[in-house]
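K.L.:
Below is one structure. I have some questions about it.
Read the figures in this text as sums done on the coordinates, not as results from a lab. Keep in mind that this is a model prediction, so the values were computed, not measured. Quick reminder, even Gly has a Cβ in these numbers, built from the backbone with ideal geometry, and neighbours come from all protein chains shown.
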Amino acid sequence: MAEYEYRSGIGYDVHQFAQGRKCILGGVEIPHSVGLLGHSDADVLCHAIADSILGALGLPDIGYYFPPNDDSIEGISSLKILEKCAELASEKGVRIVNVDSMLIAEAPKVMKHREAMVKNLSSALSITPDRVNIKATTNETMGFVGREEGIAAMATTSLAFPLDL
């Protein structure tokens, strides 16, 4: 029977709101009067999860793999970023055990889209939906999130590294 070492990584991301942009969270277009500003689709949830995976792998952050000055990836779906992170784990023989994430926003309200987001994230990461958790909270009207200037996200990911016997 294989033995594993378990490692965790954390991720955090924030994007400001901008006119004329879509609000994409967990690969789902969320109806809102403004979207999120970024070089990619600015999916703050995917970015936090990506950084949590890369952290658990001991690798640089997503800016290393998807630099904001690379015109060839402008507007890229952040689900592609997650697929790349899952691929990096797989190449090392590492299994993604679970992802736990938190969206922090006054608006838009996102939990009615949770199931679709979980489906997208689990597909991009090649894990079952029961291994992806999304929660949401507000910032109680404090700070940039409270003033509805943007959205923040945090994530923790656990990975299983097989031990060589």
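K.L.:
Could you work out [θ]222 nm for the chain from helices alone, using -39500 (n - 2.57) per DSSP H run of at least four and dividing by all its residues? Round to the nearest 500 deg cm²/dmol.
P.N.:
After summing the helix terms and dividing by the residues of the chain, the value is -8500 deg cm²/dmol.
K.L.:
How many angstrom separate the Cα center of the stretch 1-53 from the Cα center of the stretch 127-156?
P.N.:
10 Å
K.L.:
If amide hydrogens are placed 1.01 Å from N in the peptide plane, which non-local residues have theirs closer than 5 Å to the one on S40?
P.N.:
Correct list: G75.
K.L.:
Further question: Once phi is turned into θ = phi - 60°, what whole-Hz ³J(HN,Hα) does the Karplus curve with 6.51, -1.76 and 1.60 give for every residue of the stretch 147-158, x standing for Gly and Pro?
P.N.:
7, 6, 8, x, 10, 10, 8, 10, 8, 10, 10, 10
K.L.:
If you don't mind, another one. Report, in debye and to the nearest 20, how large the dipole of the chain comes out about its Cα centre when Lys and Arg carry +1 and Asp and Glu carry -1 on their Cβ.
P.N.:
Numbers: 14 positive and 22 negative charges, 91 e Å.
The dipole magnitude comes to about 440 debye.
K.L.:
With axes computed from alpha carbons, what is the tilt in degrees of helix 44-57 against the longest principal axis of the chain, rounded to the nearest 10 within 0 to 90?
P.N.:
Once rounded, the angle reads 20 degrees.
K.L.:
Before anything else, pin down the relative contact order of the chain: Cα pairs under 8 Å, at least 6 apart, normalised by residue count, whole percent.
P.N.:
34 percent
K.L.:
In addition: Considering only DSSP beta bridges whose two residues both sit in the chain, what percent are antiparallel, to the nearest 5? Working shown, then result.
P.N.:
Values: 26 of 32 bridges.
Antiparallel bridges make up about 80 percent of those DSSP assigns within the chain.
K.L.:
Could you go through the stretch 14-23 in sequence order and give the Karplus-derived ³J(HN,Hα) for each residue, using 6.51 cos²θ - 1.76 cosθ + 1.60 with θ = phi - 60°, rounded to whole Hz, and x for Gly and Pro?
P.N.:
3J(HN,Hα) across the stretch 14-23, in whole Hz: 8, 9, 8, 6, 8, 5, x, 10, 7, 9.
K.L.:
Also: Compute the helix-to-body angle for 78-91: its Cα long axis versus the longest principal axis of the chain, expressed 0 to 90° and rounded to tens.
P.N.:
10 degrees
K.L.:
Distance check, please: which entries in K109/K135; K84/K112; K80/K112; K84/K135 exceed 20 angstrom between their Cα atoms? Could the numbers behind the result be given before it?
P.N.:
On the way: K109/K135 11 Å; K84/K112 27 Å; K80/K112 23 Å; K84/K135 24 Å.
Beyond 20 Å between Cα atoms: K84/K112; K80/K112; K84/K135.
K.L.:
Something else: Which aspartates and glutamates have a Cα less than 18 Å from the Cα of K22, not counting those fewer than 8 places away in the same chain?
P.N.:
Candidates past the 8-residue exclusion: D13, D41, D43, E74, E106, E148, E149.
K.L.:
Continuing with this model, one more query. Arranged by the count of other C-beta atoms within 10 angstrom, fewest first, what order do F161, F144, F17 take?
P.N.:
Ascending Cβ contact count within 10 Å gives the list F144, F161, F17.
K.L.:
With everything on Cα atoms, drop me the angle between helix 114-125 and the longest principal axis of the chain, reported from 0 to 90° to the nearest 10.
P.N.:
40 degrees
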